[in-house]
Amino acid sequence: MQETGRYISERAADLRALAELPRFAQIALAARLCQRALSRQRSLGLYEAIRQLAAGERSSSLEPHLSDLRKYIAELDERGREPNDDYPAMWRADALKGVLQCVDAVPMLLSDSKERRSAGCDEVVQGAHRIASEQNLTSTTMITQHFWTIVPLLHDLDLLKLLAQSEQWDDLTPVDVDVLGAPFSVATYDLKAWRDAYIESNEPTGDSELVIEIDVPESATDDDVLQTVREFVELADGLHRAYGGTGLDVKTVECFENMNVLAGGPR
Amino acid sequence: MSRPSTRRVRIVLSGRDPKDPAAILSAVREAFNPKEIEITHHSEVSAVDDHSRVVPDEELETKATSEAKSALDLLAEAAAQHNRLKPDQFGLVLSDPKAILAQRQGVLTWIAQRLAAGYAFTVYWSSRGTVAEILDRVKK
């Protein structure tokens, strides 16, 4: 248990590496935290708004979505004060205040002031710990908080750090939160409230489809086309599995002849 | 930049397991739509359906479908043997960021090579609805 405690404090300290990320990657991480911490119903608007900010869309506004969350927190606070000792409501209210802390940090992360951005990072980290503390209170072991908040968050942080370095992101590089993959992966622990919240944010693939259209140059032979198709599906499948999926299946392949199209190329 | 193209291939993929989170398919879509590369004008997809001279190449279509299916079946078979991600010490199944990075770099390199060879790409993804619905939305 002592060893586990040490692991937890070491990993929790790793969250401070958030300050090393480029601006929009920091905001993507805040979006991710909100996505996981709120139920799908409540998070949708707020998460989408932060996600758009991470993607560099400055016109996105957080305020309209915050009023609903603040109202809900007030209701929970009220329930927590009632004589029936509704402790889960109190804890939930506190965790949601952690979410508010993360959301409030977003404008700070967008600031040009180094100090303000640093303070924004601190707010996100504190918010994450506050969210994690609810799980700590509603579960039987102290390490469960890390199953559900800190460990997945650090996983996102690791991936963002690697991508930022490898793809040379800077403070102006927008980040699509989709790059982080599924918000949650299967866990074996039965913490009902949190598990439900996570599963809600993991909409099954169902009828989802990925479509790619490839314009083939005139010089390409049939064999070139077949090789391109094979390479594409292999790459897509490999990436799907790397993100924790079970791979891909082909629904259709269609080939068309004789047309004029606009072609893209390196900027 | 405009240039003639004689053929277009449209590939539609879905998750092998419908219970996989849609976010994973979305992450794959993101990788094939890199920020560094302008892929194509999405509205151009309508050209495939509207152009009077467009004809399906059924022979190539059959071959390409078979090629794609067999490649994915082989990968699924191999993965069933040993590639499935295992829960960590706390029971979480987390992907390996380094493996994701390596795969994404492979995708980027492939796209860059294909673009240099004269290919062009358009990528779509939808968490709800089918390709026909996506194309319908694009046309409008």
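The values are calculated or read from the model by the stated rules, or taken from the named source; none is laboratory data. Note that this is a predicted model, so its numbers are computed, not measured. FYI the Cβ positions are ideal-geometry reconstructions off the backbone, even for glycines, and counts take in every protein chain you see.
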Practice task
Would you confirm whether any residue within segment B:95-111 is among the acidic types (Asp, Glu) and at pLDDT 60 or above?
Solution key: yes
Practice task
Within segment A:183-204, identify whether any single residue is at pLDDT 70 or above and either surrounded by fewer than 21 Cβ atoms within 10 Å (Cβ to Cβ) or within 7 Å of chain B (Cβ to nearest Cβ) (or both), and answer yes or no.
Solution key: yes
Exercise for the section: For segment A:107-118, state whether one or more residues are crowded, with 20+ Cβ neighbours inside 10 Å, closer than 26 Å to B:Arg104 by Cβ, modelled with pLDDT of 75 or more and under 14 Å from the mean Cα position of the chain (by Cα). Expected result: no
Practice task
Kindly check whether there is at least one residue in segment A:44-56 that is modelled with pLDDT under 85 and out of contact with any Lys or Arg (no Cβ under 8 Å at 6 or more places or on another chain).
Solution key: yes
Exercise for the section: Scan A:Asp94, A:Asp104, A:Asp85 and give me the residue that is among the acidic types (Asp, Glu), modelled with pLDDT under 85 and buried (at least 16 other Cβ atoms within 10 Å of the Cβ). Expected result: A:Asp94
Handout entry: Residue list for segment A:227-251, restricted to those being in a helix (DSSP H, G or I), closer than 23 Å to A:Val179 by Cβ and aliphatic (A, V, I, L, M)
Key = A:Val233, A:Leu235, A:Ala236, A:Leu239, A:Ala242
Exercise for the section: Would you check if there is a residue in segment B:22-45 being touching a Phe, Trp or Tyr at 6+ places or on another chain (Cβ under 6 Å), over 21 Å from A:Glu234 (Cα atoms) and at pLDDT below 90? Expected result: no
Practice task
Kindly establish whether A:Asp223 is modelled with pLDDT of 95 or more and more than 7 Å from chain B (Cβ to nearest Cβ).
Solution key: yes
Fill in the blank from the handout: Per the filter on segment A:158-179, residues more than 7 Å from every other protein chain (Cβ to nearest Cβ), in a helix (DSSP H, G or I), under 23 Å from A:Lys114 (Cα atoms) and in contact with a helix residue (DSSP H, G or I) (Cβ under 6 Å, 6 or more places away or on another chain) are A:Leu160, A:Ala164
